[in-house]
Amino acid sequence: YLKISKLALAFAIIHSKPPGKSSKEYIEYLAKTVSEQDVGWKWKVEVLEAEVVRLRQELLLNRISPRFCLENNTSAETLLGRESMNPTSYSSQLEDSGCDVCNDSAFDSLGIASDFHQSERNVNTSKHWLERVPPLNLCHTSKEQSLSAPVQFLQRLLEIKKLSEGGILRADFSKLEDDSFTICHSVSQLLDGLTVFYNSPKFPAPSFLTEGVYVLINLITDTKLSNHVLKKCFKKMEEFEKNLIQIILRNRSVNRFQALHSVSQTLGLLGRNNILRNSLISLLLSEVRQFAEQLLHAYQVQSVYDITQYENIFHLCMILEQLLQNETQESNISSSDYGGEEKIKFLKNLDQIILHLSDEFPLFSLYLWRVSVLLNSGQMQ
């Protein structure tokens, strides 16, 4: 049947071909036409899928706080003015979560330090957010617009949370449990967008990138929202951490250090979340250990090692040391409780590795020793 169908199609094409055009040329023309139609349909499907996501996001926001309904039917301006008289301390929310992100240096490379601290100083923050967050719109194709779509949704979610804590809005965040797809899709879209831009960074950092990082950090440091997000999107967050680590290790650009610094800072901020910190420490321990073993093997057989990766590995060492120090300072317990199996693998034969590499690679050996001290004692000696 298939052979007969193909033969019938071939005869139909031959009989219907226009004068002055060969059968081959006509077939190529038809194939190109059909291909263009497929592309058009694919674009229409993407637009419709984006519209479905947008509607689900709006529906979820309305379920949490119906159309931003304000208590006692008071005007938004009046309630926002009331908040300016009794502002809530956003920094205290971050401290309650155990995620200290008030680190100027961590944000400077992305250009958002001033924005973050301004949110704590500005008593009229809510009005500012409501004015600058545009209506949700996901029907875009460009990379910038595809990143801005989930940012807008998550911005609104964070703003509802902030206003509800100030008594300005009534919000029921238990509704997040009823629609895991929407929150997971939005977070995944944000993480994918950030990964794309970190793979091809531009400086100064575009506003939509800094805004995306800002929203992500606020999301995972919020005591209530972070629980919902990490419970549903932990694997995606861990994949994002792995991608950032590989971006650091594999970057071979001559002028790569500013870009790597930005990625490192973002990893450091993610690691300030207690749940993400443990997985990130394990990932970093694994990468540093594997590189140390490869470097030792190259040294022993006198083979060539990857000098670029050697330079890049120091970014991972610094992040790892910072996370272990933060863990010790915040919890006052030994970091030896963290890292699990990867910690055991890292410390195994580490003394021998340091001994063999210390003469040829003193700085790297020093970092290995500093990390081992933190893992063993929970504090720098």
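The values are calculated or read from the model by the stated rules, or taken from the named source; none is laboratory data. These figures come from a predicted structure and were not determined experimentally. Virtual Cβ from ideal backbone geometry, glycine too; neighbours counted across all protein chains shown. What goes into the accessible areas is simple: the full protein's heavy atoms, side chains included, and nothing from ligands, DNA or RNA. Shrake-Rupley method; radii C 1.70, N 1.55, O 1.52, S 1.80 Å.
All of 298, 259 fail the test of being touching a Phe, Trp or Tyr at 6+ places or on another chain (Cβ under 9 Å) and surrounded by fewer than 16 Cβ atoms within 10 Å (Cβ to Cβ), apart from 298. For beta carbons closer than 6 Å, sequence separation of 6+ or different chains, a first residue in the range 22-41 that is aromatic (Phe, Trp, Tyr) and a second that is modelled with pLDDT of 80 or more and surrounded by 10 or more Cβ atoms within 10 Å (Cβ to Cβ), the qualifying pairs are 26/17. What residue, among those in the range 262-295 that are of a type in the set (Lys, Arg) and in a helix (DSSP H, G or I), is most open to solvent (accessible area, probe 1.4 Å)? Only one residue tops the list, namely 289. Residue 193 meets each of the listed conditions (1) in contact with a helix residue (DSSP H, G or I) (Cβ under 9 Å, 6 or more places away or on another chain); (2) at pLDDT 85 or above; (3) surrounded by fewer than 21 Cβ atoms within 10 Å (Cβ to Cβ); (4) not basic (Lys, Arg) apart from (3).
Only a single item in (1) of a type outside the set (Gly, Ala, Ser); (2) open to solvent by 30 Å² or more (accessible area, probe 1.4 Å); (3) modelled with pLDDT under 90; (4) not assigned by the TED database to the domain that holds residue 195 is not met by residue 328, and it is number (2).
In the range 301-317, the residue that is nearest to the chain's Cα centre (by Cα) out of those that are surrounded by 14 or more Cβ atoms within 10 Å (Cβ to Cβ) and not in a helix (DSSP H, G or I) is 306. Being among the small types (Gly, Ala, Ser), open to solvent by 10 Å² or more (accessible area, probe 1.4 Å) and within 12 Å of the chain's Cα centre (by Cα) holds for only one residue in 253, 188, 200, and it is 188.
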